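Structure, as structure tokens:
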Amino acid sequence: MELSLLWIALLVIAVVGFTLQCLLSLKMKVDAAYLFAFCIYFDFFAYFYKLAVPGESLILLIGAPLLLVGSAWLLKPSIVLETLRDQGIWLWGIFLAYALISITWAPSESNGLMKEVILLAHGVVPALYVYLVYRKYGRFSWTIVAWVGLAYALLHLLLGEYSEEYPGRLTLPGGNPIFNARTSLITVTVCLWAPRIPLPVRLLSLGVAMASALATQSRGPLAAFLLANGLYFGVWLIRKFREQKLGKLSRLAVPLLFLLIVAGGTASAYAEQLKTWVESSRFMVLFDRNQLQGDDNYIGRMDLQTRALEKLEASPFLGAGLGSVTPPLARDFPHNLVLEIAAEGGFVGLTLWTFAVLFSLWAAFRRTPVLAILLIQAVGYALASGDFGYNYEYVVMAMTALALLPLKEREGVGIQREALVFDHRI
């Protein structure tokens, strides 16, 4: 065991030396999409990390990017000042500071501090890494995200298992099918809307990731995905209509018609199998209200959310304090991030959180609409089956949107491009 650790240490030293040589001597530019994908698909890297190294895998998430982030800071110290001038970063900082302060009036046995530490380690710190690296190099390619998403979905499909805890739901060993579903659905959204992804990569990643997500039979992530993408599709159609560009879409009519014919033929050929699969799956509650109201999972979560509302009614302004409606004081999370924040932080905490999310959403729509869809989708995940600590994807999306927004536009000077050269692949 000690010999294997020695070889791993030597490998790490070699990688560090090679990376420094590339960054400092060869002036290599780092694409921030690598860090973004590393954050979002961290379970992929953690799976192999745990096979080789014992201990907590979060060390990898926090420590592995430090070389790139530290180099970016040394090569351009002004990125720290840029970060401190960002109103969106301040909004998130104020909300997180208030959440931390609320622990002082939470019950002494609450686990609020651990919840904030988990959110910081999984979401905030990695998101700041993405922010700093992008502010230095100005490069972000969605093709990288699609490739890593494809690798994650393949890992889930090939090495996933059906455990007794989650019968009939494909899950990575030691994982949760909800996490697997929402991660793969992020890949699907990227492949649907992100620009300049090569068509073979786009279609392959889209198909594999959708198969991965459906194999989990997770209903909340699927509902959030459909809502976010449906909303943007409607906005996209209205925009094309107002710009009088719907006529240009006529060239897509023949390929779409061909795809519809192929899909219809396939569905007809396997109609019985598809009907059996749908009726026996957990997705039926999305189409049958009676099944939804009789679903044990749904009933249990409604009970937990009712208790969270009672906490909010008891302390509506400041809330009951971080950790007061979650374990160990309660038997489970409310499974609704807004209710959890409202119950624990009151309307003050909920207002601060809302301002931070809306500012980030505005930044996403201004610069990269696919990030706006991902942010809405990730918040939807949190409303359907989320909690304060482990629902971190929306924080990564939010801070990435802030990074991609040019400084002049953020400061209200206008929409002129700043001196930083942005990668054409965004």
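Each value in this text was obtained by applying a stated rule to the coordinates, not by laboratory testing. None of the values given here were measured: they were computed from a predicted structure. Ideal geometry is used to build each Cβ from the backbone, glycine not excepted, and the neighbour counts take in all protein chains shown.
Let me check I've understood the local charge: for Ser57, count other residues with C-beta under 13 angstrom from its C-beta, Lys and Arg +1, Asp and Glu -1. What total comes out? Write down the numbers at each step before the final one.
Working: positive: Lys50; negative: Asp43, Glu56.
Once positives and negatives cancel, what remains is -1.
Go ahead and run the numbers for FRET between Leu226 and Glu109, Cβ-Cβ distance against an R0 of 56 Å, rounding to 0.05. Before the final figure, lay out each step's value.
Values: r = 40 Å, r/R0 = 0.71.
It comes to 0.90.
Indicate the gyration tensor shape class of segment 204-246 (rounded, prolate or oblate), computed on the Cα atoms with a ≥ b ≥ c the square roots of the eigenvalues: a/c under 1.5 is rounded; otherwise a/b larger than b/c is prolate and the rest oblate.
Numbers: a/c = 6.70, a/b = 2.17, b/c = 3.09.
Note, shape of segment 204-246 comes out oblate.
What three numbers, in Å, describe the spread of the alpha carbons of segment 28-185 along their principal axes, ordered from the longest?
51, 50, 29
Between Val262 and Ile238, what is the spin-label point distance in nm, taking each point 7 Å from the Cα along the Cα→C-beta axis?
Going from the Val262 label point to the Ile238 one covers 3.3 nm.
Within segment 115-164, which GluC sites (Glu not before Pro) sit in a loop by DSSP and count at most 15 neighbouring Cβ atoms inside 10 Å?
Glu164
Could you line up Val190, Val325, Val117 from fewest to most neighbouring Cβ atoms inside 10 Å?
So the ranking, lowest neighbour count to highest, is Val117, Val190, Val325.
At 10 °C and 1.306 mPa s, grab the translational diffusion coefficient of segment 127-219 from Stokes-Einstein with a Kirkwood Rh over Cα pairs, rounded to a whole number in µm² per second.
114
Mind giving me the FRET efficiency for Ser78 and Tyr162? R0 is 41 Å, r the Cβ-Cβ distance, nearest 0.05 is fine.
Values: r = 52 Å, r/R0 = 1.26.
That gives a FRET efficiency of 0.20.
So if each residue of separation counts as 0.36 nm, and I subtract the Cα-Cα distance between Leu199 and Thr306, what length gain in nm does that give? Write out the running numbers ahead of the final one.
On the way: separation 107, 0.36 × 107 = 38.52 nm, distance 4.66 nm.
Length gained between Leu199 and Thr306: 33.9 nm.
How do Ser110, Ser184, Ser78 rank when sorted from fewest to most other Cβ atoms within 10 Å of their own Cβ?
Values: Ser110 23, Ser184 29, Ser78 10.
With the sparsest Cβ surroundings first, the list reads Ser78, Ser110, Ser184.
Using the number of other C-beta atoms within 10 angstrom as an exposure proxy, rank Leu119, Leu374 with the fewest first.
Fewest to most other Cβ atoms nearby, the residues stand as Leu119, Leu374.
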